[in-house]
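What follows is a set of notes on a single structure, which appears directly below.
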Amino acid sequence: MNPSTEIENGLPLDMIIFGGMGDLAMRKLLPALYMAFLHGNLPATTRIVSTGRQDFDREAYLAHVEENSRSFITQSAFNDKTWDGFLKLLEYVRLDVQAAPDFGGLAQVSRPGAQRVFYLSTAPALFTIICDKLAAAGLVDGNARVVLEKPLGHDLPSAIEINEAVGKHFAESQIYRIDHYLGKETVQNLMVLRFGNSILEPLWRAPNISSVQITVAEELGVGSRAGFYDGTGAMRDMLQNHLLQLLCIVAMEPPTSLNADAVRDEKLKVLRSLRRFTLADIARDTVRGQYTHGVSGNQEVEGYLEERNVPEDSKTETFVALRTYIDTWRWSKVPFYLRTGKRMQRRSSKIVVEFANPPFPLFPDAPGGVANRLVIELQPEEAIKLQIMAKQPGSGMQMQQVTLNLDLQSAFQQRRAEAYERLLIDVVRGRLTHFMRRDELEAAWAWADPIINGWTTLGEKPHPYPAGSWGPAESFALLARDGHAWVE
Ligand code: BG6
């Protein structure tokens, strides 16, 4: 479809951002909307209405955006004329979410009959009151869409509560639950790799695949977010959502179409087939870590407990590794190793699919280890590599592992949009495929909750690991005992 016809549905677009003065809005949302505007992916009628509690007028708000958001736009994409045009789309409404009259003020600014997109980038505790008040102010109609930023609850009951509250006013087809990993180019490419090719599918199962590793390693520490992070930890912040979504895409059955529900049905089946952890499983198959003082990016950095706003006896994990299984025919007995952490040696997210070695050792000089791996590097660089055995030149049959490297950077010259830009365009165009459905979110919590509760019951402190390392030694032991090793 021609993009311009796809984005114009005849209704003026009002994008209304709650938490519009916040960090996410400044660092990610406005820059993403600028990029969408630059590339003609916003309807000509777009207005972006930021709400916040500050008593700003429009001029003061625009000055705030200049100061706090502009620098997050890629330099090469910035130009003054487009920026001025973009600023013309922006409005500011002072709004206290507790105050019903303020919603009346918002209703006066939003155009009658507009396609309204409400982006809730506030603490999730406010989602209920915002949705109730939007509805009471007559702002929610059949065309409205609501985007929910994570964290969507901190456990299953709180996630259900949010879903119920939002569901009172919005149908499921109007709700866009963001997991920004689903907006990453490389993650979407994984779907194409799996389902746009036929050569992988016959091999994509037990016993041909012997294990799968998913790593999302961050170099950054907790920064200024301790207030949020200390009550959250790596399991809730990263694994329950981003890593499980990656796992779903690796493990799902081929969907019958790219229709949102067809894709989400298959992901849901994976989440529901994840083996539940008992206390014994938790003690044996999970590792929690917390970074200590160390060197990261050539700089000495503090340990988690020394970071601002972190209680000195905090047991919050900044690292988690675990082994899990998907109890289906396809994945029977295949371990999935998941790992994520802050202040790791470097930023690196990858999926490593290890294939079973040849069943018969024909070559006496085989180097041992895993013969074939498919490595999908998600960030910082995108790459897909297949490791295979080849013969070393010369007499004899010496083997060596070589790498087939799909050179995606030179195959595609096109710009790669940031995850938020891509997802915001999807919201504008009404595409739900890369957003989480309610039952998916709840299934993910239903799996994660017993693990988090089990850690509390076991009462163990997280294992320390120096900043700038690959996590605690126990994480290596987790794989070593199965004869595997993390691929860095
Ligand atoms: C967010 C987490 O969802 O993802 C952050 O809350 C984390 O703690 C971030 O740093 C990582 O995202 P990315 O895109 O930088 O890998």
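The values are calculated or read from the model by the stated rules, or taken from the named source; none is laboratory data. Fair warning: this is a prediction, and the values are worked out from it, not measured in the lab. Neighbour counts run over all protein chains shown; Cβ positions are idealised from the backbone, glycine included. Side chains are part of the model used for accessible areas, which takes the heavy atoms of the whole protein and leaves out ligands, DNA and RNA. Shrake-Rupley method; radii C 1.70, N 1.55, O 1.52, S 1.80 Å.
Given the convex hull over the Cα atoms of the stretch 263-354, what projected area results after averaging over all orientations, in nm²?
On the way: hull surface 34.9 nm².
Convex hull of Cα atoms, orientation-averaged projection: 8.7 nm².
With the contact rule set at Cα under 8 Å and sequence spacing of 6 or more, what percent relative contact order holds for the stretch 288-345?
Rounded, it is 32 percent for the stretch 288-345.
For the chain, report the accessible area per residue in Å² (1.4 Å probe, heavy atoms, rounded to an integer).
Per residue, the chain has an accessible area of 44 Å².
Out of all Cα-Cα pairs in the stretch 163-262, roughly what percent, to the nearest whole number, are more than 24 Å apart?
Result for the distance tail: 41 percent.
Given Cα pairs under 8 Å that are at least 6 residues apart, what percent is the relative contact order of the stretch 238-327?
In percent, rounded to a whole number, it is 26.
Could you grab the relative contact order for the chain? Cα pairs under 8 Å, six or more apart, rounded to a whole percent.
18 percent
Per residue, what volume in Å³ does the Cα convex hull of the stretch 23-81 take up?
Taking only Cα atoms, the stretch 23-81 has a hull volume of 97 Å³ per residue.
With every protein chain present, what accessible area does Arg330 have (1.4 Å probe, heavy atoms only), rounded to the nearest 10 Å²?
Surface open to solvent at Arg330 totals about 10 Å².
Return the inverse of the average 1/r over all pairs of distinct C-alpha atoms in the stretch 5-145, which is the Kirkwood hydrodynamic radius, in Å to one decimal.
Numbers: mean 1/r = 0.0647 Å⁻¹.
In the stretch 5-145 this quantity evaluates to 15.4 Å.
What order do you get for 289-296, 150-157 when each peptide is scored by the mean count of other beta carbon atoms within 10 Å, highest first?
Values: 289-296: 21.2, 150-157: 17.5.
The peptides rank, most packed first, as 289-296, 150-157.
Considering only protein heavy atoms and a 1.4 Å probe, what is the carbon-and-sulfur percentage of the accessible area of the stretch 370-426?
So the carbon and sulfur contribution to the accessible surface is 55 percent.
Ignoring ligands, DNA and RNA, please state the percent of accessible area on the stretch 1-152 from carbon and sulfur, probe 1.4 Å.
51 percent
How large is the Kirkwood hydrodynamic radius of the chain, in angstrom, based on all distinct alpha carbon pairs?
So the Kirkwood estimate lands at 24.3 Å.
So, counting K/R as plus one and D/E as minus one, what does the shell of residues with Cβ under 12 Å around Leu95 add up to?
Its environment carries a net charge of -1.
Could you give P(r) for the stretch 154-207, binned at 5 Å from zero, as whole percent values over all Cα-Cα pairs?
4, 14, 13, 13, 13, 12, 13, 10, 5, 0
Report, largest value first, the span of the C-alpha coordinates of the stretch 327-440 along each principal axis, in whole Å.
Largest to smallest, the principal-axis extents are 62, 40, 31 Å.
If you take every residue apart from Glu312 with its C-beta less than 15 Å away from the C-beta of Glu312, what net charge results, scoring Lys and Arg +1 and Asp and Glu -1? Please list the in-between numbers first.
Details: positive: Arg308, Lys315, Lys461; negative: Asp230, Glu302, Glu306, Glu307, Asp313.
Result for the neighbourhood of Glu312: -2.
Mind checking the stretch 252-335 for GluC sites (Glu not before Pro) that DSSP puts in a loop (not H, G, I, E or B) and that have at most 13 other Cβ atoms within 10 Å?
Numbers: sites: Glu266, Glu300, Glu302, Glu306, Glu307, Glu312, Glu317; in loops: Glu302, Glu307, Glu312, Glu317.
Here the GluC sites (Glu not before Pro) that fit, given the DSSP loop and packing criteria, are Glu312.
Which chymotrypsin sites (Phe, Trp or Tyr not before Pro) in the stretch 315-404 pass both tests, a DSSP loop state and at most 13 other beta-carbon atoms within 10 Å? Mind dumping the intermediate values first?
Numbers: sites: Phe319, Tyr325, Trp329, Trp331, Phe336, Tyr337, Phe355; in loops: Tyr325, Trp329, Trp331.
Loop-located and lightly packed - Trp329.
What share of the DSSP beta bridges in the chain is antiparallel, in percent to the nearest 5?
Close to 55 percent.
Sort out for me the Cα centre separation of the stretch 251-298 from the stretch 59-124, rounded to whole Å.
Cα centroid of the stretch 251-298 versus Cα centroid of the stretch 59-124: 35 Å apart.
For the stretch 79-177, what's the radius of gyration and Dmax over Cα atoms, in angstrom?
Both quantities, over Cα of the stretch 79-177: 14.8, 48 Å.
Peptides 253-262, 82-91: what's the order by average Cβ count within 10 Å, highest mean first?
82-91, 253-262
Please list 117-126, 243-252 highest first by mean number of surrounding beta-carbon atoms within 10 Å per residue.
So the peptides 117-126, 243-252, ranked by packing, come out 243-252, 117-126.
Going by a ≥ b ≥ c, the root eigenvalues of the Cα gyration tensor, does the stretch 259-300 fall in the rounded group (a/c under 1.5), the prolate group (a/b larger than b/c) or the oblate group? Intermediate values should be presented prior to the final figure.
On the way: a/c = 7.34, a/b = 1.64, b/c = 4.47.
The shape class here is oblate.
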